[in-house]
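A.B. asks: Here it is, the structure, as structure tokens.
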Amino acid sequence: MPDAPQRLTEEQLAALQVTHKKIATIDWSAHVLVFRRPNRDECHGYRVKLEHPETKADANEQLLQQLIVAFDAEQDANKARVYFTTVFLEEHPMFGSTPRVRLALGALMGMFEDEDLADLGKGVTIRPSPPPRTPPASPTGSATAPAASS
């Protein structure tokens, strides 16, 4: 990774959003970290880790390691993960316990409604899933009735 970190462009962030549906970016110490939304199994594993005193302290950090998709301008998730765990976390060992991380994880796991995401605070940006495509309304007014033919 270069000394002066490059950032992803808006187009690259939009492409990550299309790929992963919902992403969070966290600005921290001149770096930008991008995380994807966890799936149900990852959320379940995370909740189980939070219930046990021996795994609770590392639950956020371990989940972040699973979810990272980009670090600065690096979009190869494996390279981003290696840099995140071997360099960034050595410099910022309590990163996983910060309010920004908690907000980002909560938003990615669906603990906030999409319209509330703009108010998360400085340093955290959530790009919600694109709105679902809704079929055209039925002429009969029924949500399940097939469209009437003319």
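A.B. asks: Only one of Gln17, Gln12 is loosely packed, with under 15 Cβ neighbours inside 10 Å and either in contact with a Phe, Trp or Tyr (Cβ under 7 Å, 6 or more places away or on another chain) or of a type in the set (S, T, N, Q) (or both); which?
C.D. replies: Working: Gln17 fails: loosely packed, with under 15 Cβ neighbours inside 10 Å.
Result of the check over Gln17, Gln12: Gln12.
A.B. asks: Oh, and also: Somewhere in the stretch 60-68, is a residue hydrophobic (A, V, I, L, M, F, W, C), touching a residue at least 60 places away in the same chain (Cβ under 8 Å) and in a strand (DSSP E or B)?
C.D. replies: No.
A.B. asks: Moving to a separate point now. Within the stretch 69-97, work out how many residues are surrounded by fewer than 16 Cβ atoms within 10 Å (Cβ to Cβ) and in contact (Cβ under 8 Å) with a residue 24 or more places away in the chain.
C.D. replies: Looking only at that region, the number is 5.
A.B. asks: Given the structure, is Pro38 touching a helix residue (DSSP H, G or I) at 6+ places or on another chain (Cβ under 7 Å) and touching a residue at least 60 places away in the same chain (Cβ under 8 Å)?
C.D. replies: yes
A.B. asks: Please tell me if Lys79 is in contact with a helix residue (DSSP H, G or I) (Cβ under 8 Å, 6 or more places away or on another chain) and of a type in the set (Lys, Arg).
C.D. replies: no
A.B. asks: If I ask for residues that are among the hydroxyl-bearing types (Ser, Thr, Tyr), surrounded by 16 or more Cβ atoms within 10 Å (Cβ to Cβ) and more than 8 Å from the chain's Cα centre (by Cα), which ones from the stretch 20-38 would you list?
C.D. replies: At the first step, the residues of the stretch 20-38 found to be among the hydroxyl-bearing types (Ser, Thr, Tyr) are 25, 29.
Among the residues that remain, those that are also surrounded by 16 or more Cβ atoms within 10 Å (Cβ to Cβ) are: 25.
The answer is none; no residue qualifies.
A.B. asks: If I filter the stretch 118-141 for residues that are assigned to a loop (DSSP other than H, G, I, E, B) and modelled with pLDDT of 90 or more, do I get at least one hit?
C.D. replies: Within the stretch 118-141, not a single residue is assigned to a loop (DSSP other than H, G, I, E, B) and modelled with pLDDT of 90 or more.
A.B. asks: So, one more: With (1) over 12 Å from Arg127 (Cβ atoms); (2) of a type in the set (A, V, I, L, M, F, W, C); (3) in contact with a helix residue (DSSP H, G or I) (Cβ under 7 Å, 6 or more places away or on another chain) as the list, and Ile23 as the residue in question, which single condition is left unmet?
C.D. replies: (1)
The values are calculated or read from the model by the stated rules, or taken from the named source; none is laboratory data. The structure presented is a predicted model; accordingly, all values stated were derived computationally and were not measured. As a convention, Cβ positions derive from the backbone with ideal geometry for all residues, glycine included, and neighbour counts pool all protein chains shown.
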